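FYI, it's all coordinate maths here, none of it is from the lab. Since the structure is predicted, the reported quantities are computational estimates derived from the model, not experimental observations. Every residue, glycine among them, receives a Cβ derived from its backbone with ideal geometry; neighbour counts consider all protein chains shown.
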Amino acid sequence: MALDSVLAFWGVCALLIAVPGADWAFVIGAGLRGPSVIPAVAGLVLGYTGLTVVVAAGVGALVARTPAALTVLTVVGGAYLIWRGVASLARHPDPVTPAATPAPPAPTATLVQGLGVSGLNPKGLLLFLALLPQFASRHGSWPLPAQLALLGLVFTVTCGAFYLGLGSVVRTTLVSRPWATRALTRISGAAMIVIGALLLADRFLPWK
């Protein structure tokens, strides 16, 4: 596979990852709540790894061509994001005393939540379906599934590195500012609710 195609894809996916969305909101919330963002980022990475496998194996195209399957995926993903957003809004972000500080979520629970945020996002699947094939060559020396797997890996690694940096910045700059913690937690929760609602609206409302 040509190196220039991989680099061009990396530039595009880096720009897409830098645009705030559900992943941003989840990582920011995890950075404010827990002692480490690694489980949250690991969950996102596992979710995108799963999408890479699905697309490279050809299952993603089958899902995209099956309206019922895509509808189910959209409903599950949108509802999950709304649920995560409501949970973030309901959480009190700045306890008065250390003794009153609620225990952070278990790392395994955070990892599973991250897997749900990325792996259940139908927009992520459609993004992979629309973007990856544009940088793969059907006449190249590599088999097409191998090219798609490589591009998916590039996206996933870039995503993991970016969100580790984002989570570290959140922990070092915001944890000591209770007002900023409150505001960002609520913004993150509201963002997930809005994104989940838009997913459902985009699927069911007749404006398309």
* Asked: Could you give the length gained on full extension between V72 and A57, defined as 0.36 nm per residue of separation minus the Cα-Cα distance, in nm?
  -> 3.4 nm
* Between A2 and L144, 0.36 nm times their residue separation minus their Cα-Cα distance comes to what? -> 49.8 nm
* Structure fact -> Under 11 Å by backbone N from the virtual spin label 7 Å along Cα-to-Cβ at W10, the residues of the stretch 142-171 are 154-155, 158
